[in-house]
Each structure stands twice: as structure tokens, then as C-alpha cells.
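Below: one structure, written as C-alpha cells.
The values are calculated or read from the model by the stated rules, or taken from the named source; none is laboratory data. Bear in mind that the values here come from a model prediction, so they are computed numbers and not experimental data. Every residue, glycine among them, receives a Cβ derived from its backbone with ideal geometry; neighbour counts consider all protein chains shown.
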Amino acid sequence: MNKLQAQKRIIELRATLEYHARKYYDEDSPEISDFEYDMMMNELKNLERQFPEFITADSLTQKVGGTVKEGFEKVEHEVPLQSLQDVFSYDEIYSFDERMKKAAKEFGKPLEYVVETKIDGLSVSLEYKNGEFFRGATRGNGLIGEDVTDNLKTVKTIPHKLIEPVNITVRGEVFISKADFDKLNEEREILDEPLFANARNAAAGSLRQLDSAEAARRPLDMYCFNVQKSDRELTSHYDSLEYLSKLGFNVNPVRKRCKTVQEAIKEIEKIGENREDLSFGIDGAVIKVDNLQLREQIGTTFKVPKWAIAYKYPPEQKATLLKDIVFQVGRTGAVTPMAILEPVKVAGSTISKTTLHNEDFIKEKDLRVGDTVIIQKAGDVIPEVVDVKKADRTGNEVPFEMPTKCPVCGAAVVREEGEAIARCIGIECPAKLLRSIVHFASKEGMNIKGLGYAIIEELINRGLISNIADIYSLKKEDFASLKKNGDKFAQNLMDSIEESKKNELSKLVNALGIRHIGTKSAKILAKRYGNIDKLMEASLESLRETEDVGDITAESVSEFFMQEQTKDLIEKLKQAGVNMEEPKQNSIDDRFAGQVFVLTGTLENYSRDQAKQIIESFEGKVSGSVSKKTTYVLAGEEAGSKLTKAQELGVTIINEEQFKNMIAQE
């Protein structure tokens, strides 16, 4: 590669790495794997090493990734929180050892190493004054971080008071365990919230919540791995970790002192072989010089310490037999093909099955049952099928077919145009039970107050409910048994369930969880057809003719009501006494027809939902943003940017008193 080509590639790599560093560190939503990022960073480092004239201060090779999020106070780190130099081969470890031996000889110090797991989380510093937790901060850019003290105080494994009244600053990693991460994503899936890409970003996003109460709801944990500053003289890194443990800190449990580099490599191999058994995710192993005085003499660069490196486990590939393709139904109804494999050990794990993502993935690779496939696993990433050995085919391989019926309940499996995922649309499908009931009872659905995710999950686990209609068969004692002294709690729930039977048809339609149907379209359908029977009997053509109901939504509604499961559920709800009709309007008052309202600020006499319902009852529309099409902006106390935008566009602004006059008119 000549100088011009190198310069062009360096510019490309920097731009790409900056983008992905921002997604990873600042937005907690990575788009590529750690391995892909590491490989690009490694390429950039090698190019800058060959062409040092192109090194600039703003290159990611010269600084720590990450910035300070707006809304947090800045904290200047007295001791910088540096990153580590990554290595990807044992040769690089031996080169590191040679440098350390040379330094140890030069400074007349003994050389030993400490090997630890590199925990995959968010790096933070904790400051203690006289043994009391004083302040905690994220790494940020290494020099300046975010003050997240209140959020860190919610982490149960961070001590608020130490055993001794010492002044000390420690560094550690906040993380979410593998089991807690799976549970967290399950709950987010049920509640239709975006899933976290990995445990590291879940931990980072949780700790960087502006609301500490929200952070407290997340299952955060922490391990300490370094003393940054202390009023006690320490000479050994390993001994300092033992000291931290005695003070009351949760210390990285995987740590070993090694006399030679060969011992260190054996420990790295052991960690690699056993990393599946760890309760937390790792993205490598760290080798550190143990002698703290020698560390001081070896020194650091601006970005990394010279006395430590992080070994990143390379991805490993193995060939194995694709024995079968089975289908897993998720809690949202997503039907995911799974590969059943001849068990094979890859990167320390025995792999016998893995996801095949979706129909397009299988067809793109032309996977067939009986194929020899290549499995790859990098770090703690889910193993994946990366290739198929077509040359090994015998002709007996079985081509793939996506099921048209749900393998769990037998309802139709539908893949809508433009979507990669096929879904079961059966409302009584056992795989979707928790999600279906949570949505049914939610505020947007039947608004059964107190019947939330945790209560519903417990009711299912106890076998008290097996479908949506069972809610209306529950007894007071079923709820009372869920909580200590739960009599009042149980009565409130029973009252709320009874009250939900009186809801308008539109609430029921929305509660059924029909794909593409929300509050607005549920109201439109309920208003047009008047009762559930007419809606269920509506033809596809009739649904398509309904105002604001497009072809995709019409097909979704039609298909949903054709299912035997849907008919069965509606019949059960009828028998339970749930209202199936929309109130008749003797005369339609359309005074706000064609008018668009935007609500901003706090109203004294109405909630946002109440004001919205009033406007819509007069045929008006409520929008979330101000534009030239906006008719009125209803502004309450502490109105913000929407009010400013309305003033700029010349949109009519009304207060609550004016709004009351408008709706009071005959």
C-alpha cells in the first residue's frame, strides 16, 4: 500500500470508527460486533504505525472513546481512567513480556503478573472519604466523566460505608449478569420496548438514566478491579484486590497471580475454556504487572498503561452437521427457525443449537437439513452459522420450508410484506400468553389497575390463568395469596377487573392486541361497526373502505377475526359479562372536525389523556408535534419547545380557560 492509499484508508477507518464508537459509548446501541470494531481499530493502528506522519490527536487510537451525556454533572478524574491495549495473539503477549522483563531488569524490581477476566460492562470510579461513599462517575473520555452517584447508590453490591474509615478511589465495572440480562430483555419484549443489543449496553444505558429511580429498577451489579488512589501504601496489585475485598467491595472473582508469562497464558486459556460457566459476560482477559512501584516506573501513554494488555479471544470456526430446523415461538408471536446441530465445541462452548434468524437468512445461505455447516463464535456473542459446505452434499439434504401454522397452537403464521419476521396470530397461543395478558390489562387496553407484568407472571406460574378470559374468573383469595397482608390489594384488583367489563368497545378492540391496531384505529373501527359481532363479520373490502384504515391494517384485522382462537376468546369474554358495544351517539358534534391540536405543558383541570379524548369526541385530531398544519396549541404551565415553535410559526395558542369555553359551546 502506497502513502496515498494509506492516507485514504486511514481517513475512512477513522470516520467509520468514530460513528461506531458514538453508537457504542454514547448511545448504548451498537450496530456491529465488538470483534468487527476491534479488527477495524487494529487495522488503523497498524496503518498509523507504518505511516506515523498521518497520526493526529483526534484519532481514536490517541484517545478514549466516549463523551459526557447532557444532563449529568461533569467529574474530572484525579487519576485518568484509561483504556487497555488490545492484543489478539500469544505472540503479542510474549512481546509484551519481553518489554516488561527489560523494564524489570532496568529498575531492579521483581516481575509477576496478575490475570483477570475483562468484564463486559461500563467502567466507573468510586470515591470514598473517611470510609463513606462520596461520589461515583463514569469513565467518559478518560479525563472527564459523568457524575452518576445517585444511580450507583442503587447498586446493591456497592458499599455505602467501608469497614475502615479510609480515603480511597477505586475503579470497577458495572454490569448485568447473563441471567438478569435475559430476564430484562424478556420483560422489554413483553412491554413492546426496544431490546438491548447486549448486556454491556444494557448496563451502560441503565446507569446513565437521568432518573435514579429508573436505574434502581435495573439489575445492576459491580466488580472492582483497581485501586486508583489510596491513603494506605500498597505495593502489589493482587494484594490490593484482597484489601478491597476486606474493606467490603465486590472484587472481580476471577484473578490469579502468575510468576511467568507461560503461567499467564495458561490462565488465559483456562478462562477461555470456562467462560460459558461465568455468571457475567467477558470480552477478554487482562494481564497486569503486579508490582505497583514497577508499574509507576514503566508509566503510561496518554491513552493506555504500558504495564497491562487485554487479550481478546479470536472467533473460532468449526464444521458440524445441521440435523434439523425447528421453530421457536417468541412472546410476541415471532416464529424463529432454530438449527439443531451435531454437538461441537467452539470457543470454549459446546454448541448443539443456534438461531437461524428468519426465512431470508436461511434462503440466502441455501441451508438444508443434512448440510455440513460452519459455526462461528466470537467471545460471548451468540454462535452463528456463517457458511455451508455445498461441495459435501449427497443429494439427500432436505430444503427448508417456513411453516404456515404455528407449531405451538396451530393458528396461522403470517409474514407481512416488507417484514423479515413471520408471526403467529393466535391470541390464545401459550407461547404468547404472558405478553397477550399484559397488553390486555394495560392502560391502553382494558386499564385493569394493579394487574401488571409481575402479578400476571406469578398468576401464570401458579396455574391460575391460562388465557385472557381467565382474568374474569379469578377470586379475591387468588390475589390475596400473592402478597403479605394482601386483602386490600386483592379487593382493589377485583374492583378494577369488574370495572373493566364496562369499557367501551374501542378499549376492548385495542386490548386484543391486533397487529397494527392502536388506540386511534380501535376507536375508528368501534365507531363504524358499533359492536363486536359486526366487526368480526366485516368483509375485507368493508374494512378497507373504513376511514384511516389501510390495506395492511384491514388484512390484519380480517385475518385475526377469522381465527378460531379469536372466536373462542370473544365468546368467553361475552360470558364473563364484558361489554361488546360502543356507546351510540344520538347526535354527532363535529365542532373540531378538520382541526389539529397540540398539547404542551401541565393543565390544571385535565390530564393529557382527558383533553385528548375531549378533542377527539368532537372529531378533532391531536398531534405530538407543531407544524403549519396545526390549528391550536393548548398550552398549560411550564410549556416548552412546542410553545416556542407555535410562536415562530404563528399558530394560534390557547390557554385552558379558552379551551373550556370552546368545549362548553352549544
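When every residue of region 590-606 is checked against the conditions, at least one turns out to be at positive phi, modelled with pLDDT under 90 and assigned to a loop (DSSP other than H, G, I, E, B). One residue alone among P159, P165, P194 is more than 10 Å from the chain's Cα centre (by Cα), loosely packed, with under 15 Cβ neighbours inside 10 Å and not aromatic (F, W, Y), and that residue is P165. For region 348-363, the condition of being modelled with pLDDT of 95 or more, part of a strand (DSSP E or B), β-branched (V, I, T) and not assigned by TED's automatic domain parsing to the domain that holds I282 holds for none of the residues. Scanning region 435-481 for residues that are surrounded by fewer than 17 Cβ atoms within 10 Å (Cβ to Cβ), modelled with pLDDT under 90 and aliphatic (A, V, I, L, M) returns a single hit, A454.
When region 517-567 is filtered for residues that are more than 19 Å from A411 (Cβ to Cβ), at pLDDT 90 or above and not in a helix (DSSP H, G or I), the ones remaining, listed by number, are G530, N531, A538, S539. Taking the criterion of being part of a strand (DSSP E or B) and at pLDDT below 95, the residues of region 306-318 that qualify are E316, Q317, K318. The set of residues in region 393-418 that are exposed (fewer than 12 other Cβ atoms within 10 Å of the Cβ) and out of contact with any Gly (no Cβ under 8 Å at 6 or more places or on another chain) comprises G395, P399, E401, T404, E417, G418. Of the residues contained in region 255-271, none is found to be surrounded by fewer than 18 Cβ atoms within 10 Å (Cβ to Cβ), part of a helix (DSSP H, G or I) and either in contact with a Pro (Cβ under 6 Å, 6 or more places away or on another chain) or of a type in the set (S, T, Y) (or both). Note on region 67-118: residues that are farther than 30 Å from D211 by Cβ, in a loop (DSSP other than H, G, I, E, B) and of a type in the set (G, A, S) amount to 2. Within region 277-303, the set of residues being surrounded by 13 or more Cβ atoms within 10 Å (Cβ to Cβ) and either part of a loop (DSSP other than H, G, I, E, B) or touching a Gly at 6+ places or on another chain (Cβ under 6 Å) (or both) comprises L278, F280, G281, D283, D290, K303. Taken over region 149-201, the criterion of being farther than 15 Å from S279 by Cβ and small (G, A, S) is satisfied by G172, A197. Answer yes if at least one residue in region 192-206 is in a strand (DSSP E or B) and touching a strand residue (DSSP E or B) at 6+ places or on another chain (Cβ under 6 Å), and no otherwise. No, there is no match, as no residue in region 192-206 is in a strand (DSSP E or B) and touching a strand residue (DSSP E or B) at 6+ places or on another chain (Cβ under 6 Å).
Checked against (1) touching a strand residue (DSSP E or B) at 6+ places or on another chain (Cβ under 7 Å); (2) surrounded by 23 or more Cβ atoms within 10 Å (Cβ to Cβ); (3) at pLDDT below 95, Y128 passes all but condition (3).
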